[in-house]
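Everything on this sheet refers to the single structure shown next.
The values are calculated or read from the model by the stated rules, or taken from the named source; none is laboratory data. No experiment lies behind these values; they were computed from the predicted model shown. Here the Cβ is made from the backbone with ideal geometry for all residues, glycine too, and neighbour counts use every protein chain on show.
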């Protein structure tokens, strides 16, 4: 078994922990001629390989090859075995990390039917909208409570956008609109 240098061990262990076993970025302080020499030796031993970098995926570059293309370094199965890591274990761990990193969009709470909040939403979704007086009459709430519900429960918790406009003969009318950039 080949004796690894501290730098080689660092590169292989770090790469084994990254998705796709990408060995980049190299350890701090390893740059220039020293980096090229260390990488060349590791490629000779078959521990690293130079592969096309997925620039759109944000993979770090080892070197540019021109025309907005470049290569990155990947730890090979031989490199994994050299530091005592089974390739299957490394692939499984990478898949687990990738899955954990892909956090789903948090599910927004939805109002229960028959509640005052549901009545408020129904009024605001109606084509004619709702006035403050009609919302107070429907819920029995004070004006500050209605405004707080529109801002907090509807806006912040449910992600709804409540708009208002003054209309001739009705005063201020509130409606549920769509977030900027979202389809209505």
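Some points to look at:
- Helices (runs of 4 or more DSSP H) (entirely within region 82-169) containing at least 1 residues that are modelled with pLDDT of 90 or more: 116-125, 132-139, 143-148
- Of all residues in region 56-67, those satisfying the criterion of being at pLDDT below 85 and either touching a helix residue (DSSP H, G or I) at 6+ places or on another chain (Cβ under 6 Å) or closer than 21 Å to residue 36 by Cα (or both) are 59, 65, 66.
- Among the residues of region 1-25, the ones that are outside any helix (DSSP H, G or I) and either closer than 20 Å to residue 84 by Cβ or free of Cβ contacts under 8 Å to residues at least 24 places away in the same chain (or both) come to 9 in all.
- So residue 19, is it modelled with pLDDT of 75 or more and touching a strand residue (DSSP E or B) at 6+ places or on another chain (Cβ under 9 Å): no
- Looking across 59, 50, 77, one residue alone is under 21 Å from the mean Cα position of the chain (by Cα) and surrounded by 14 or more Cβ atoms within 10 Å (Cβ to Cβ). It is 59.
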